[in-house]
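Chemist: This is the structure I have questions about; it appears just below.
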Amino acid sequence: MNLLYVFIGGGIGASLRYLMQFLTGKHNGSGFPVSTFTVNLLGCFAIGILAASVLKLKWNEQLVLFVFTGILGGFTTFSSFSMECIQLLKNNQTGMALLYFSLSNFAGLSLCALGFYLAK
């Protein structure tokens, strides 16, 4: 049943992302990628607000899966990455947060470039 909540939420999140691209214009490889930038920032803001709400309002597991993994996961995974960095910092794991941040960005960009190069 939890998979169904994630599936439905993911469809909603992906649809919202598509709508944002439709409204702001899909990035064509030149100029500033407004749509992705906007989606990532909105996702980060939303996950911050919602994470605080989960603590205050004691959300059940299915609602957390539906909203966080589903909707926000379909909308952007950058929000999850950002929240995980914040959680590491909150837990006084600054070194781990910096390592996660640095490796994720470096490895992500490197693997994207490698994949692009190999597929060329």
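The values are calculated or read from the model by the stated rules, or taken from the named source; none is laboratory data. It should be emphasised that the depicted structure is a prediction, and the values quoted were computed from it without experimental measurement. Cβ: placed from backbone, ideal geometry, glycine included. Neighbour counts: every protein chain shown.
Chemist: Out of the residues in segment 22-49 meeting the condition of being surrounded by 14 or more Cβ atoms within 10 Å (Cβ to Cβ) and among the aliphatic types (A, V, I, L, M), tell me which one is farthest from the chain's Cα centre (by Cα).
Modeler: It comes out as 34.
So that you can scan it fast, the table gives a plain yes or no per residue for (1) within 17 Å of the chain's Cα centre (by Cα); (2) touching a residue at least 24 places away in the same chain (Cβ under 8 Å):
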{"site": "51", "(1), (2)": "yes, yes"}
{"site": "59", "(1), (2)": "no, no"}
{"site": "73", "(1), (2)": "yes, yes"}
{"site": "76", "(1), (2)": "yes, yes"}
{"site": "81", "(1), (2)": "yes, no"}
{"site": "90", "(1), (2)": "no, no"}
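Chemist: Only one of 50, 19, 63, 57 is of a type outside the set (Lys, Arg) and either touching a Gly at 6+ places or on another chain (Cβ under 8 Å) or within 19 Å of residue 86 (Cα to Cα) (or both); which? Show your work before the answer.
Modeler: Working: 19 fails: either touching a Gly at 6+ places or on another chain (Cβ under 8 Å) or within 19 Å of residue 86 (Cα to Cα) (or both); 63 fails: either touching a Gly at 6+ places or on another chain (Cβ under 8 Å) or within 19 Å of residue 86 (Cα to Cα) (or both); 57 fails: either touching a Gly at 6+ places or on another chain (Cβ under 8 Å) or within 19 Å of residue 86 (Cα to Cα) (or both).
From the options 50, 19, 63, 57, the qualifying one is 50.
Chemist: Does residue 88 satisfy the condition of being within 25 Å of residue 21 (Cα to Cα) and modelled with pLDDT of 90 or more?
Modeler: No; evaluated as a whole, the condition is false for this residue.
Chemist: So for segment 74-87 (the condition being part of a loop (DSSP other than H, G, I, E, B) and either more than 21 Å from residue 105 (Cβ to Cβ) or hydroxyl-bearing (Ser, Thr, Tyr) (or both)), does at least one residue qualify?
Modeler: Filtering segment 74-87 down to residues part of a loop (DSSP other than H, G, I, E, B) leaves 76-77.
Now drop any that are not either more than 21 Å from residue 105 (Cβ to Cβ) or hydroxyl-bearing (Ser, Thr, Tyr) (or both), which leaves 76-77.
Yes, that holds for at least one residue.
Chemist: Still on this structure: Out of all the residues in segment 55-75, which are under 24 Å from residue 15 (Cα atoms) and modelled with pLDDT under 90?
Modeler: none
Chemist: Another one. May I ask you to list the residues in segment 91-112 that are among the small types (Gly, Ala, Ser) and at pLDDT 90 or above?
Modeler: Answer for segment 91-112, where residues must be among the small types (Gly, Ala, Ser) and at pLDDT 90 or above: 95, 97, 102, 104, 107, 110.
Chemist: Can I ask one more? Is segment 103-110 home to any residue that is outside any loop (DSSP other than H, G, I, E, B), closer than 26 Å to residue 4 by Cβ and under 15 Å from the mean Cα position of the chain (by Cα)? Explain how you work it out, then say what you get.
Modeler: From segment 103-110, those outside any loop (DSSP other than H, G, I, E, B) are 103-110; that's our starting set.
Among the residues that remain, those that are also closer than 26 Å to residue 4 by Cβ are: none.
The answer is no, given that none of the residues of segment 103-110 is outside any loop (DSSP other than H, G, I, E, B), closer than 26 Å to residue 4 by Cβ and under 15 Å from the mean Cα position of the chain (by Cα).
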